[in-house]
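Beneath this line is the structure, given in structure tokens, with notes to follow.
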Amino acid sequence: MLSSAIIPVYNQTPAYLRAAILSVREQTVPCEIIVVDDGSNPPCHTIVCDIPTDKDHPIIYVQQENGGVSSAMNKGLEYANGEYIQWLSSDDLYRAEKTEIQTKALQDSGEMICYCTYEEGIPTIQNVWPAAQYPNSKSLFDGLRQHSFINACTVMWHRDVFDEVGEFDINMRHMNDTEMILRCAERYNFIAVDAPLVRRRIHPGQMINTLRQEDEAKSKQADLDYVNKRYGATLKLWVPNAN
């Protein structure tokens, strides 16, 4: 299998999860789909099993006790058969050509990681966040230490990267994507694909909206402090407006 897309899910709106899976199901090249149910109540097994599959887009459903996004991503890596690894949040979408374009970018360049432009807003696009090409890993790493501008759902990793940098940090609740991207940028430059291949959904149930709660904001600040210390970063906590 050329590529695997891991979808971690916890108590997601069924329609959003179904749309996310279908967006991978519609990829223009073969792509394995791994849905990791991170202790949802009720489990999302029925939603996943109702989606048709075929030999080019197999769906693997894995259920585990709630352990957080990092734990779910690591579980997905255990089951992934693809040479290339992708992450899709259970409320976001891939454009149909994402896997094809990014695998070609990596194969043509000989690099190990790429990321792409993404759009914010479903069904109406509200913002577009372009992917910029950096000349080397140092300049990318320095930029990321000042501003976390890469959405992890736009990233495609060669499977061997995880042998080099390790798996996702299960001790982190909020900053696991940022920490992994910084860890990778310490060692690799990323190929930039300036095409909007991911669509990010904006809705009240997003995890980021939990930061309006004091305990959740403190939890993210603790993770942020660790990341800043570990990578010499100057990232700041952003809390959504209460309105």
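Residues that are under 23 Å from residue 66 (Cα atoms), touching a strand residue (DSSP E or B) at 6+ places or on another chain (Cβ under 8 Å) and buried (at least 20 other Cβ atoms within 10 Å of the Cβ) within the range 12-29 comprise 17, 20, 21, listed in sequence order.
Put simply, of 161, 198 the only residue that is open to solvent by less than 30 Å² (accessible area, probe 1.4 Å), modelled with pLDDT of 90 or more and either farther than 23 Å from residue 75 by Cα or not in a helix (DSSP H, G or I) (or both) is 198. Is it the case that the range 76-94 has a residue that's surrounded by fewer than 16 Cβ atoms within 10 Å (Cβ to Cβ) and closer than 23 Å to residue 179 by Cβ? Checked the range 76-94: at least one residue is surrounded by fewer than 16 Cβ atoms within 10 Å (Cβ to Cβ) and closer than 23 Å to residue 179 by Cβ. Taken over the range 137-155, the criterion of being part of a loop (DSSP other than H, G, I, E, B), touching a residue at least 40 places away in the same chain (Cβ under 8 Å) and out of contact with any helix residue (DSSP H, G or I) (no Cβ under 6 Å at 6 or more places or on another chain) is satisfied by 147, 151, 155. Taken together, 101, 113, 51 contain a single residue that is modelled with pLDDT of 95 or more and touching a helix residue (DSSP H, G or I) at 6+ places or on another chain (Cβ under 9 Å), which is 113. Here residue 50 clears all of (1) under 19 Å from residue 199 (Cβ atoms); (2) open to solvent by 60 Å² or more (accessible area, probe 1.4 Å); (3) out of contact with any strand residue (DSSP E or B) (no Cβ under 7 Å at 6 or more places or on another chain) except the condition numbered (1).
The residues of the range 32-80 that are part of a loop (DSSP other than H, G, I, E, B), among the acidic types (Asp, Glu) and either touching a Gly at 6+ places or on another chain (Cβ under 7 Å) or under 20 Å from residue 172 (Cα atoms) (or both) amount to a single one, 65. Take the conditions (1) part of a strand (DSSP E or B); (2) in contact with a Ser or Thr (Cβ under 6 Å, 6 or more places away or on another chain); (3) not β-branched (Val, Ile, Thr); residue 119 misses just one of them, which is (2).
The values are calculated or read from the model by the stated rules, or taken from the named source; none is laboratory data. All of these numbers come straight from a predicted model, not from anything done at the bench. Here the Cβ is made from the backbone with ideal geometry for all residues, glycine too, and neighbour counts use every protein chain on show. Note: accessible area is taken over every heavy atom of the protein model, side chains too, but ligands, DNA and RNA are not part of it. Shrake-Rupley method; radii C 1.70, N 1.55, O 1.52, S 1.80 Å.
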